[in-house]
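*Asks:* I am attaching a structure below and will ask some questions about it afterwards.
The values are calculated or read from the model by the stated rules, or taken from the named source; none is laboratory data. Being a predicted model, the structure only gives us computed values, none of them experimental. All Cβ positions, even for glycine, are placed from backbone atoms using ideal geometry, and neighbour counts span all protein chains on display. When the accessible area is computed, the model is the full protein with side chains, heavy atoms only, and any ligands, DNA or RNA have been set aside. Shrake-Rupley method; radii C 1.70, N 1.55, O 1.52, S 1.80 Å.
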Amino acid sequence: MNEAEFRQEFLEQVKTTAAVSGEGSCAAFVQLAADYLIEAEVLPDFYPSYYQNTAGTRKMRVDGYAFDELDLTLNLIIADYEPYKERSLTKTDASALFRQLLRFVDGSLNSDLYKNIEISTPCADLVDTIRTRREDIRRYRFFIFTDASMSSRIKELDELEIDGVPVECQIWDIDRIFNVCSSSDGREQVEIDFTSYIKGGIPCLKAGSAAAADKSASIEEGEDFVGDYQSYLCMIPGSVLADIYDQYGSQLLESNVRSFLTTKVAVNKKIRTTILTAPEMFFAYNNGVSAIAKNLKFEKTSDGLYLTAASDFQIINGGQTTASLSTARLKDKASLNHIYVQMKLTEINEAESERSEKLIENISRSSNSQNKVSEADFFASHPFHRRMEQISRRIFAPAKGGVQYNTKWFYERARGQYVQSQARMTPAQQKQFKLANPKKQVITKTDLAKFRNSWNGLPHIVSKGAQNNFTYFARLIDEKWKETPEIFNELYYTNTAALGIIFKHLEDIIPRQSWYENGYRANIVTYSMAMLHKLIQDQCGGSDLDLGLIWQQQEVPKLLSDVLTLLSEKIFKTITDPHRGTANVTEWCKQEKCWESVQKINLTLPESFSELLLSRRKQRSAESAAKKDQKMLSGVEAVAEVFKYKAAQWVKLRAFMQEHSLINSPKEQDALKAAGRISSLHLPTEEQSMLLLALLQRAQEEGFSF
């Protein structure tokens, strides 16, 4: 897929979304662009909050926002959407749009604008956020989402500030979105010129590489390393690390580190104490940071080696250290002049993304950290993900509406996978791919987490935003996976797709209701899903919704749609009730007390609803059969996975586990012995293979790496 094809598909999707949902095409355009940028980790989340005032010379407008709790950045979006003519966005046009956002923020802070915006609207919530978080906000980021092409004359954007707080301006046209989606890692890379922060660059020492590793000891010649790399030990001034964080914020942190820190206290008290009371001891006391990057550039002088630039620079351990330095300087006015931080920097091979991904994961696991990092923190490569991906590629959904071909629900395990899958296809192959894998049937990781957590009665968690909800979901799945991994099977995936059909149906019907006021759709959807399931559990005597029926029909039955329509109106009135616990509706929906108030809704399901139910006995029977099938399939897959490693590598694992007293039974010892003799003629059993993979995971959590 090239840029022109992506653009055409993007704009067609905007039209389709607008027609189905009943919302304007501009709102659909902004939402679609935001969805892509959330996946690319440019935005932490997105809340629509349209407001426009065209009176006089102080024109102002905003279309949406997202507040990043980790680096305290307020992201504000303004739309520039005119699909019916070809045009170019000039710097003059862009400056005018950024000024409209600037006036909106200034009006929120320094005028009575808040009195003129109707309460219980998304924009009122945004104004409330700006006013109440005024002292916390460290940076504003202004985004223009445009369907125009960016003028080649735009070299630099305006430098703005609001009450002394810097404003970063970005323009995102469709071509830029395509470039991010089609990149190998599905995100925009952080490019750093270290000489712009410190004269000459950062002093470093070449430390080690995969090429220099000793292959003769316990590893057979020709072993397949997890990735080519070269490591360096660097000494980076604390002020430089803080400067870089101030400029790039949470984009500097690798996605798993970011997810982990959003559930913890981002600023560590011990680190802060050292900064304030013993800065000269920081290097000795602190574990430092671990980072990865591509295309490192150096300057060699008589004094030694200096790092001058890096591409795709990401901190994979030491996020608390980095954030704490920046925060102490800002909030405590601490001097960082005498603070130095040790940094282990690993350069990875850009051409080997799969192996590099595994290398990054292993480095993260092995690095020292203030908090123990579990398997769930590396959820992007968790076996749950891989299983969902495998199932989605082989399961066909029933044909719908007289169509003579079957389709799939494409699970996007990695960012941008759907677009990247088409990169090398001919136009004919792309057409065939899209017929089999319609864009509307793509399920991302964050989608799956929303569907499941909504159905499982956690709408307040879902309302906390895509990343926070996903992190919560990841930990739940990790716990269940360790107990009974076979429950995640074909039935689980098809039921998830059925929940997705319900979820998307709600997204479509809510904007068309007379009571809808262009706000809180995401909250209404997740609370409606959760409350529907609660009503079924309370009123249907142990039966549950027949998700298999929805999967077979590939649509929501009319009876269910009627119930959802009625329920969603009650949800809207409840979460916007004037007597709610918190004035800000968006923040209120994130609280468990909001969910408690919603559960008081009085709605009786119609008697005919029984035709949509599945008895508990039939449900258990289907789940039992699916678990049995998955167990057989998992055994075969486990043998294949174990065989990917050589006998010498399993010998190395056994030695590590013996040294650290990690072997708990004779059965585990026997499995490791069998793996140490692995060959095409001697394979461990299915049971031993599954045990070996569990042992490997246990060892990796303790710092083991092949």
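*Asks:* Scan the stretch 158-178 residue by residue and report those that are outside any strand (DSSP E or B) and without any contact (Cβ under 8 Å) to a residue 12 or more places away in the chain.
*Replies:* Step one: filter the stretch 158-178 for residues outside any strand (DSSP E or B), giving 158-159, 163-164, 174-178.
Within the stretch 158-178, Glu159, Gly164 qualify.
*Asks:* Do you know which residues across the stretch 660-673 are over 37 Å from the mean Cα position of the chain (by Cα) and either of a type outside the set (Gly, Ala, Ser) or in a helix (DSSP H, G or I) (or both)?
*Replies:* At the first step, the residues of the stretch 660-673 found to be over 37 Å from the mean Cα position of the chain (by Cα) are 665-667, 669-670, 673.
Listed by number, the residues that qualify are Pro666, Lys667, Gln669, Asp670, Lys673.
*Asks:* Which of (1) farther than 30 Å from Tyr51 by Cα; (2) small (Gly, Ala, Ser); (3) open to solvent by less than 30 Å² (accessible area, probe 1.4 Å); (4) assigned to a loop (DSSP other than H, G, I, E, B) is the odd one out, the single condition Gly519 does not satisfy?
*Replies:* (1)
*Asks:* Checking the condition part of a helix (DSSP H, G or I), more than 30 Å from Ile391 (Cβ to Cβ), among the hydrophobic types (A, V, I, L, M, F, W, C) and out of contact with any helix residue (DSSP H, G or I) (no Cβ under 8 Å at 6 or more places or on another chain), which residue from Ala648, Ala640 passes? Please lay out each step first, then the result.
*Replies:* Working: Ala640 fails: more than 30 Å from Ile391 (Cβ to Cβ).
Every option except Ala648 fails the conditions.
*Asks:* Another question, if that's okay. Give the residue, chosen from Ala18, Ala4, that is open to solvent by 50 Å² or more (accessible area, probe 1.4 Å), more than 27 Å from Glu587 (Cβ to Cβ) and either modelled with pLDDT under 95 or β-branched (Val, Ile, Thr) (or both).
*Replies:* Details: Ala18 fails: open to solvent by 50 Å² or more (accessible area, probe 1.4 Å).
Ala4 is the lone residue from the list that is open to solvent by 50 Å² or more (accessible area, probe 1.4 Å), more than 27 Å from Glu587 (Cβ to Cβ) and either modelled with pLDDT under 95 or β-branched (Val, Ile, Thr) (or both).
*Asks:* If I filter the stretch 674-693 for residues that are over 30 Å from Lys573 (Cβ atoms), part of a strand (DSSP E or B), open to solvent by 40 Å² or more (accessible area, probe 1.4 Å) and of a type in the set (S, T, N, Q), do I get at least one hit?
*Replies:* Filtering the stretch 674-693 for residues over 30 Å from Lys573 (Cβ atoms) gives 674-693.
Narrowing the set further to residues that are part of a strand (DSSP E or B) leaves 679, 682.
Those still in the list that are open to solvent by 40 Å² or more (accessible area, probe 1.4 Å) too: 679, 682.
Filter once more, keeping what is of a type in the set (S, T, N, Q): 679.
The answer is yes; a qualifying residue exists.
*Asks:* Name, by its number, the condition in (1) on the phi < 0 side of the Ramachandran plot; (2) crowded, with 22+ Cβ neighbours inside 10 Å that does not hold for Tyr492.
*Replies:* Tyr492 satisfies all of (1) on the phi < 0 side of the Ramachandran plot; (2) crowded, with 22+ Cβ neighbours inside 10 Å except (2).
*Asks:* Does Ile487 meet the test of being within 22 Å of the chain's Cα centre (by Cα), at pLDDT 90 or above, open to solvent by 10 Å² or more (accessible area, probe 1.4 Å) and of a type in the set (A, V, I, L, M)?
*Replies:* Numbers: within 22 Å of the chain's Cα centre (by Cα): no; at pLDDT 90 or above: yes; open to solvent by 10 Å² or more (accessible area, probe 1.4 Å): yes; of a type in the set (A, V, I, L, M): yes.
It is false that Ile487 is within 22 Å of the chain's Cα centre (by Cα), at pLDDT 90 or above, open to solvent by 10 Å² or more (accessible area, probe 1.4 Å) and of a type in the set (A, V, I, L, M).
*Asks:* From (1) farther than 20 Å from Asn495 by Cβ; (2) in contact (Cβ under 8 Å) with a residue 12 or more places away in the chain; (3) open to solvent by less than 50 Å² (accessible area, probe 1.4 Å), pick out the condition that doesn't hold for Ser665.
*Replies:* Here Ser665 clears every test but (2).
*Asks:* In this structure, is Leu37 surrounded by fewer than 21 Cβ atoms within 10 Å (Cβ to Cβ) and either modelled with pLDDT of 90 or more or under 23 Å from the mean Cα position of the chain (by Cα) (or both)? Break it down into steps so the answer makes sense when it comes.
*Replies:* Values: surrounded by fewer than 21 Cβ atoms within 10 Å (Cβ to Cβ): no; either modelled with pLDDT of 90 or more or under 23 Å from the mean Cα position of the chain (by Cα) (or both): yes.
It is false that Leu37 is surrounded by fewer than 21 Cβ atoms within 10 Å (Cβ to Cβ) and either modelled with pLDDT of 90 or more or under 23 Å from the mean Cα position of the chain (by Cα) (or both).
*Asks:* Those residues that are among the basic types (Lys, Arg) and on the phi > 0 side of the Ramachandran plot, I need them from the stretch 305-334; list them, please.
*Replies:* Lys333
Residues are listed down the side, and each one gets a yes or a no for (1) modelled with pLDDT under 90; (2) within 22 Å of the chain's Cα centre (by Cα); (3) among the acidic types (Asp, Glu):
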| residue | (1), (2), (3) |
| --- | --- |
| Gln342 | no, no, no |
| Arg355 | yes, yes, no |
| Arg365 | yes, yes, no |
| Phe384 | no, yes, no |
| Arg393 | no, yes, no |
| Lys400 | yes, no, no |
| Tyr405 | yes, no, no |
| Phe410 | no, yes, no |
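*Asks:* How about the stretch 319-348: which of its residues are among the small types (Gly, Ala, Ser) and touching a Pro at 6+ places or on another chain (Cβ under 9 Å)?
*Replies:* Quick first cut of the stretch 319-348, residues among the small types (Gly, Ala, Ser) only: 319, 323-324, 326, 328, 334-335.
The answer is Ala334, Ser335.
*Asks:* Within the stretch 459-474, how many residues are open to solvent by 50 Å² or more (accessible area, probe 1.4 Å) and farther than 11 Å from Ala449 by Cα?
*Replies:* Within the stretch 459-474, residues that are open to solvent by 50 Å² or more (accessible area, probe 1.4 Å) and farther than 11 Å from Ala449 by Cα number 1.
*Asks:* Can you tell me which residue within the stretch 421-458, out of those that are part of a loop (DSSP other than H, G, I, E, B) and farther than 23 Å from His385 by Cβ, is least open to solvent (accessible area, probe 1.4 Å)?
*Replies:* The initial filter retains those residues of the stretch 421-458 that are part of a loop (DSSP other than H, G, I, E, B), namely 421-426, 437-438, 456-458.
Checking the rest, the ones that are also farther than 23 Å from His385 by Cβ come to 424-426, 457.
Numbers: Arg424: 223, Met425: 51, Thr426: 65, Gly457: 19 Å².
That would be Gly457.
*Asks:* Tell me the helices (runs of 4 or more DSSP H) entirely within the stretch 224-295 that contain at least 3 residues that are under 19 Å from the mean Cα position of the chain (by Cα), modelled with pLDDT under 90 and buried (at least 19 other Cβ atoms within 10 Å of the Cβ).
*Replies:* 255-262
*Asks:* Keeping to the stretch 325-337, report how many residues are modelled with pLDDT of 90 or more and either in a loop (DSSP other than H, G, I, E, B) or open to solvent by 70 Å² or more (accessible area, probe 1.4 Å) (or both).
*Replies:* The total comes to 5.
*Asks:* Would you say Ile316 is at pLDDT below 90, in contact with a helix residue (DSSP H, G or I) (Cβ under 7 Å, 6 or more places away or on another chain) and not in a helix (DSSP H, G or I)?
*Replies:* Values: at pLDDT below 90: yes; in contact with a helix residue (DSSP H, G or I) (Cβ under 7 Å, 6 or more places away or on another chain): yes; not in a helix (DSSP H, G or I): yes.
Criteria met by Ile316.
*Asks:* Suppose the filter is more than 21 Å from Phe384 (Cα to Cα) and touching a strand residue (DSSP E or B) at 6+ places or on another chain (Cβ under 9 Å); does Ala655 pass it? Steps first, please.
*Replies:* Values: more than 21 Å from Phe384 (Cα to Cα): yes; touching a strand residue (DSSP E or B) at 6+ places or on another chain (Cβ under 9 Å): no.
Answer is no for this residue.
*Asks:* Report yes if some residue within the stretch 523-533 is aromatic (Phe, Trp, Tyr) and assigned to a helix (DSSP H, G or I); otherwise report no. Steps first, please.
*Replies:* Taking the stretch 523-533 first, the residues aromatic (Phe, Trp, Tyr) are 527.
Filter once more, keeping what is assigned to a helix (DSSP H, G or I): 527.
Yes, there is a match, as at least one residue in the stretch 523-533 is aromatic (Phe, Trp, Tyr) and assigned to a helix (DSSP H, G or I).
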